[in-house]
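The values are calculated or read from the model by the stated rules, or taken from the named source; none is laboratory data. None of these values were measured; they are calculated from a predicted model. Because the Cβ atoms are built from the backbone with ideal geometry, glycine has one as well, and the counts that use them run over all protein chains shown. Only protein heavy atoms, including side chains, enter the accessible area calculation; ligands, DNA and RNA are left aside. Shrake-Rupley method; radii C 1.70, N 1.55, O 1.52, S 1.80 Å.
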Amino acid sequence: MDDKPVDIFWDLKAAKFNGETEPSSEYYVAVVCDEEVVLLIGDLKKDAYRKTRCRPALIDPILMSRWEHIFGKKKFFTKIKFHEKGRFHEISIECKNRNSSKVKGGGVDPEMEIRVDGHLVIHVKHLQWKFRGNESIHVNKVRIEVYWDVHDWLFSPGLRHALFIFKPTLSSTYLSSKSS
């Protein structure tokens with residue numbers, strides 16, 4: 001924010017989680033800079049503006065990416081929106097150990113599958129060599145860059161974290177239609 005101070009306001013008192021890790025309703029988180037609400041998350045928008053005593057941003061926010069730290073070793077499931085007005089998509093990430101005669105000593109050959117709404121969109125074989133990477137996928141005609149780092153899942157003992165980033169890429173036609 002150009003070296004300007006920011007204030008963060010939130011109200012999670014009555015937040016409903018519906019069995020998920022993120023609140024689904026009855027909450028807000030607001031980021032304020034220069035007496036303008038530059039980011040507002042949640043459904044209690046009127047409460048947020050009243051509490052902050054600031055005006056809404058003059059430009060609508062655009063989801064740039066979603067970032068989650070995942071702890072575990074095998075499977076992860078979540079729901080995500082790739083843009084504010086889109087629908088939720090189910091994401092599943094699974095790491096498998098496939099027995100392979102090609103691996104020295106007949107060991108295991110780890111691989112990873114990423115599915116969106118049950119459809120396989122990324123399949124990484126030989127994960128021990130490709131534990132960090134990225135690929136582009138398309139979901140409902142929207143290009144999504146997917147980045148992963150599963151090094152600690154594979155090479156560290158105990159429950160360790162992995163990192164996955166799903167970043168929608170806005171087309172130039174979308175950007176030009178928003179600016180006119």
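A few points about this structure:
- Residue list for region 12-65, restricted to those being open to solvent by less than 40 Å² (accessible area, probe 1.4 Å), in contact with a Phe, Trp or Tyr (Cβ under 6 Å, 6 or more places away or on another chain) and within 21 Å of Phe88 (Cα to Cα): Ala15, Pro23, Gly42, Leu44
- Pair list, Cβ < 6 Å and 6+ apart or interchain, from region 43-60 residues that are of a type in the set (A, V, I, L, M, F, W, C) to residues that are part of a loop (DSSP other than H, G, I, E, B) and open to solvent by 100 Å² or more (accessible area, probe 1.4 Å): Cys54/Glu35
- Restricting the first member to region 8-27 and to residues that are of a type in the set (Lys, Arg), and the second to residues that are exposed (fewer than 15 other Cβ atoms within 10 Å of the Cβ), the beta-carbon pairs closer than 7 Å and six or more apart or on different chains are Lys16/Ser24; Lys16/Ser25.
- Subset of region 104-158 (residues that are open to solvent by 20 Å² or more (accessible area, probe 1.4 Å) and of a type in the set (A, V, I, L, M)): Val108, Leu120, Val121, Val142, Leu154
- Strands (runs of 3 or more DSSP E) wholly inside region 1-108 that include at least 2 residues being in contact with a strand residue (DSSP E or B) (Cβ under 8 Å, 6 or more places away or on another chain), closer than 30 Å to Leu154 by Cβ and modelled with pLDDT under 85: 66-72, 75-80, 89-99
- Within region 33-56, tally of residues that are within 15 Å of Pro5 (Cβ to Cβ) and of a type in the set (A, V, I, L, M): 3
- Among the residues of region 136-151, the one identified as of a type in the set (S, T, N, Q) and assigned to a strand (DSSP E or B) is Ser136.
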